[in-house]
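Comments concern the structure below.
The values are calculated or read from the model by the stated rules, or taken from the named source; none is laboratory data. Everything quoted here is computed from the prediction, not taken from an experiment. Cβ atoms come from the backbone with ideal geometry, glycine included; neighbour counts cover every protein chain shown. To get the accessible areas, we keep the full protein, side chains included, count just its heavy atoms, and leave off ligands, DNA and RNA. Shrake-Rupley method; radii C 1.70, N 1.55, O 1.52, S 1.80 Å.
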There are 2 protein chains.
Amino acid sequence: MVRWEPGARERLQAAALELFATRGYEQTTAAEIAQSVGLTERTFFRHFSDKREVLFYGQEQFLQAFIDGVNAAPPDASPLEVIASALDTAGSFFPDERRSYSRMRQSVIDQNPALREREVHKLAGLATTVAEALHGRGIGEPAATLAAQSGATVFGIAFAQWIREGESRSLPDIATDVLNELHNLTGTATGSRGLRA
Amino acid sequence: MVRWEPGARERLQAAALELFATRGYEQTTAAEIAQSVGLTERTFFRHFSDKREVLFYGQEQFLQAFIDGVNAAPPDASPLEVIASALDTAGSFFPDERRSYSRMRQSVIDQNPALREREVHKLAGLATTVAEALHGRGIGEPAATLAAQSGATVFGIAFAQWIREGESRSLPDIATDVLNELHNLTGTATGSRGLRA
């Protein structure tokens, strides 16, 4: 019979991150993570397929938060208004209590090229999923892909700012500022000068 | 003594792509690629570190084309005008003669998850390099990263369109259209309605 450990997943996640940060990701095994919180390696593998998955657990919920935001936008919203709504919902997925965990996680990822590659891939997958959701709202190409990719870009920049030491604004607030910056970047300088000589 | 084979690199590239497309990427070895054009495996490895590199050879020149375009923009150009210049130079790196090679290469990459991941990573690296070049022009954050990422997004969308069957426009022309679409997306709907309720 399989015994269920209440809160085991969360304890394993916290222990893994601590060990990755102090001892190094490569130098930490699944067995050591489990042992450090008094669980067995078997329990570890009931929750995660490998130690990498500890860092990427919750990705479906993260994607779903974006899609929920897409669906929450009014029917007549422009593509970027839909993205603004998605950023708001996705941003709320990261409350301030999670900031130090996210910061620590990022520093582990930044130190490992394979994890960085996986993280980049995750944002690319996000853009694809959001583009499909925009198609579902009748938004065509290339507008849907442009808007979805811009959303992923804005999220990535806002997230990096959110976990910076000393930053106190919420993630949704930062995302709004970055999205406004995108509007400034693309909205102004064009009209008079044209894009291509 | 090492014998230099004139045109060996190009012959190996063409042969590799042909074999990847007909026989499958996984099923093709470096030795087979070399043999198919009468060269030795040793010659293959003088040109490429592994069979994957055949598909990603020339990446430095591609990045350099972007940077050349950044540097060619007038000093008072806005961030997105700099990106327009970079897209123009990078687009010229893919003349129409290269379209069928690029199309075939893409279909090989699309069929292999590891190659797709590498390709995504390449575009992410492009954005980082271009953002640094924008910093060098005195453009701050988040404008530099936003503009650079938008440039990579526009390039990616334009490139996918360029290799579509039946497409006859040049890559720089398509890139200009997609960049204009980005302007439409971000420039219009905002002002009156605001981004966030």
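Only one of (1) assigned to a helix (DSSP H, G or I); (2) without any contact (Cβ under 8 Å) to a residue 40 or more places away in the chain; (3) of a type in the set (D, E, K, R) is not met by B:Asp76, so which one is it?
Every listed condition holds for B:Asp76 apart from (1).
Output the residues belonging to the range A:38-69 that are open to solvent by 40 Å² or more (accessible area, probe 1.4 Å) and of a type in the set (Phe, Trp, Tyr).
The answer is A:Phe45, A:Tyr57.
Scan the range A:81-112 for residues that are among the aliphatic types (A, V, I, L, M) and open to solvent by less than 40 Å² (accessible area, probe 1.4 Å) and jot them down.
Across the range A:81-112, the qualifying residues are A:Val82, A:Ile83, A:Ala84, A:Ala86, A:Leu87, A:Ala90, A:Val108, A:Ile109.
Among A:Thr176, A:Thr153, which is the only one that is β-branched (Val, Ile, Thr), out of contact with any Lys or Arg (no Cβ under 6 Å at 6 or more places or on another chain) and assigned to a helix (DSSP H, G or I)?
A:Thr153
Here's the yes/no breakdown for (1) over 19 Å from the mean Cα position of the chain (by Cα); (2) among the hydrophobic types (A, V, I, L, M, F, W, C); (3) modelled with pLDDT of 90 or more; (4) closer than 19 Å to B:Asp68 by Cα:
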residue: B:Asp96; (1), (2), (3), (4): no, no, yes, no
residue: B:Val120; (1), (2), (3), (4): no, yes, no, no
residue: B:Leu126; (1), (2), (3), (4): no, yes, yes, yes
residue: B:Val130; (1), (2), (3), (4): no, yes, yes, yes
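Out of the residues in the range A:148-177 that are at the interface with another protein chain (Cβ under 9 Å from one of its Cβ atoms) and more than 24 Å from A:Arg116 (Cα to Cα), which is surrounded by the fewest Cβ atoms within 10 Å (Cβ to Cβ)?
A:Asp177
For A:Glu132, which of the numbered conditions (1) surrounded by fewer than 19 Cβ atoms within 10 Å (Cβ to Cβ); (2) over 29 Å from B:Ala114 (Cα atoms); (3) away from chain B (no Cβ under 14 Å) fails to hold?
Result: A:Glu132 fails condition (2) only.
Given (1) within 12 Å of another protein chain (Cβ to nearest Cβ); (2) open to solvent by 30 Å² or more (accessible area, probe 1.4 Å); (3) closer than 26 Å to A:Pro79 by Cβ; (4) not small (Gly, Ala, Ser), where does B:Glu117 come up short, assuming only one miss?
(3)
Whether any residue in the range B:90-109 is over 26 Å from A:Ala114 (Cα atoms) and within 13 Å of chain A (Cβ to nearest Cβ) is what I want to check.
Yes, the range B:90-109 has at least one match.
Starting from the range A:16-28, keep only residues that are at negative phi and touching a residue at least 40 places away in the same chain (Cβ under 8 Å), then list their pairs with residues that are part of a helix (DSSP H, G or I) and surrounded by fewer than 15 Cβ atoms within 10 Å (Cβ to Cβ) whose Cβ atoms are within a distance under 8 Å, requiring at least 6 positions of separation or different chains.
Note: pairs meeting the criteria are A:Leu17/A:Tyr101; A:Ala21/A:Ser107.
Within the range A:15-31, which residues are assigned to a helix (DSSP H, G or I) and surrounded by 17 or more Cβ atoms within 10 Å (Cβ to Cβ)?
Scanning the range A:15-31 gives A:Ala15, A:Ala16, A:Leu17, A:Leu19, A:Phe20, A:Ala30.
Anything in the range B:70-80 that is modelled with pLDDT under 95 and buried (at least 16 other Cβ atoms within 10 Å of the Cβ)? List them, or say none.
B:Ala77, B:Ser78, B:Pro79, B:Leu80
Only one of these conditions is not met by A:Ser78: (1) small (Gly, Ala, Ser); (2) under 25 Å from A:Glu141 (Cβ atoms); (3) under 21 Å from the mean Cα position of the chain (by Cα). Which number is it?
Unmet for A:Ser78, out of (1) small (Gly, Ala, Ser); (2) under 25 Å from A:Glu141 (Cβ atoms); (3) under 21 Å from the mean Cα position of the chain (by Cα): (3).
Please work out which one of (1) of a type in the set (Gly, Ala, Ser); (2) under 19 Å from the mean Cα position of the chain (by Cα); (3) not in a helix (DSSP H, G or I) is the condition A:Gly38 fails and give its number.
(2) is the only condition that A:Gly38 fails.
Answer with yes or no whether A:Ala127 is among the small types (Gly, Ala, Ser) and without any contact (Cβ under 8 Å) to a residue 24 or more places away in the chain.
Spelling it out, it is not the case that A:Ala127 is among the small types (Gly, Ala, Ser) and without any contact (Cβ under 8 Å) to a residue 24 or more places away in the chain.
Of all residues in the range B:45-79, which are in contact with a Ser or Thr (Cβ under 6 Å, 6 or more places away or on another chain) and within 11 Å of another protein chain (Cβ to nearest Cβ)?
Listed by number, the residues that qualify are B:Ala72, B:Ala73.
Return yes or no: is A:Arg98 over 25 Å from A:Arg169 (Cβ atoms) and in a helix (DSSP H, G or I)?
So A:Arg98 fails the test.
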